[in-house]
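Data first, discussion second: the structure below is written as structure tokens.
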Amino acid sequence: MSGTAIRISNVSKSYRMYPAPADRMKELLHPFGKKYHKDFWALRDVSLEVPKGTTFGIVGQNGSGKSTLLQIIAGILSPTIGTVEVSGRISALLELGAGFNKEFTGRENVFLQGAMRGISREEMEERFDSITAFADIGHFIDQPVKKYSSGMYVRLAFACAINIDPEILIVDEALAVGDAMFQRRCYRRLEDFQKSGKTILFVSHNVGTVTSICTQAMFLDRGRVVCMGSPKEVVNAYSKALAEREAEYARKMGGGKVEAPKWDEDGEDERVKDPNENRFGTGEAEILDFSILDGKGNATTTLEVGEKYNFKVTVLFKKDVAEPDIGINIVTMAGLQIYGVCPYIVKKPMTGIKADSRIEVEFIIQTNLTPGNYAVNVNVAEFLPSQRVFLERYLDIATFKVVGNSNCYGLVDMCAEIRVNEVNEEAIS
């Protein structure tokens, strides 16, 4: 464990599910009689190793087992099967208000949090000003937390979590609550945490955040690990699974025949066949071609800063589509989306398309990206009354390199106009 913060080996967690509350009592009174419960496995055979200093992301839909796994790592739950080894002090931000006594004031809860983690009152008093300054909840620090809004809960919980000097920080969707300024403050503190070589376990439905801050990631689905690896690979697999379920839901709402997901005897979902496959959707459209053309109509993968290029997509529609849409996304090589556009978003929606039609869409784009390597995703969608469904989505359909001189830093040149004026004292007075 010298270089490992967390090691999980073959962990499974089951709960007993009873048809009715009375059945639990029947089974308790007659332990050797009829069994009324069914075992529900929230986690099945999960193994992972998180090196120290890693920011490890976990993605998955609600009910996939993410929170259960984090609670096991934090020591709140015990696994039914398997072992968990943790090296270092853990601070966990789990469900809203976890670890707080609602009848206590914010001040009292700060010291309660310290006591729960083995920190003396004297140490917590030294850290108290830093906690209250970060939480920034004013006089509410002396009010019972049952009067707090969800945002105030998170402010105080996060402030406590990061000020007890943990070696491992667990964050479960907590940053989804709160205003934008506070979220940015939290992310800056997470960046400081990363720079100090500490370990973060981060759960979020925001795949952009997972891609941008995590160094490794895992996709959990129905309690099992679908894939583990780089954030980009994991996010692609997760996006594919979401698109497939969107399509399934659309078929169901449209009255089409929808079969229940097939599971083998080990509990595997057959729909996720290849987590690294970059092409997915309903299959009712096919992306035939994609190219980037320069001003002379020549295909290229090297783009000059400031020049315009034609991102051209050719699509075959295999069915009648009343409200189609074709769009592109430009992403970094790590998978962070930095630009996306489609006819619908620019208020020029496409008209209905007949089956067997080939459609060509051109996106004339000026290269305001800074020099570096980028990738392109292409999306073909259909708008239904309740949702958008991907007919085909092709991730990383092409990569390109931007070259030349840039007058800024970051990812995108915002073409700033800078004015510098001297302000005399008379104008100020």
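So the values come out like this:
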| item | result |
| --- | --- |
| Entry for Rg/Rh (Cα atoms, Kirkwood Rh) (calculated from the structure that is shown) out of (1) 1.40; (2) 1.03; (3) 1.12 | (2) |
| For T4, residues with placed amide H under 5 Å, excluding near neighbours | K52 |
| Which of D413, D192 has the fewest Cβ neighbours within 10 Å, and the rest in rising order | D192, D413 |
| Using θ = phi - 60° and Karplus 6.51 cos²θ - 1.76 cosθ + 1.60, couplings along segment 411-425 (whole Hz; Gly, Pro as x) | 10, 10, 8, 7, 6, 5, 10, 9, 10, 10, 10, 7, 9, 7, 5 |
| Proxy reagent accessibility, fewest Cβ within 10 Å first, across L156, L242 | L242, L156 |
| Exposure proxy order (Cβ contacts within 10 Å, fewest to most) of S196, S204 | S196, S204 |
| Amide proton proximity set for N101, modelled H, under 5 Å, gap of 5+ | none |
| DSSP loop chymotrypsin sites (Phe, Trp or Tyr not before Pro) with at most 14 other Cβ within 10 Å: longest gap in the chain | 33-408 |
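Since every read-out is calculated from the coordinates, none of them should be taken as a lab result. Note that the coordinates shown come from a computational prediction; the quantities given were computed from them, not determined experimentally. Backbone-built Cβ (ideal geometry, glycine too); neighbour counts: all protein chains shown.
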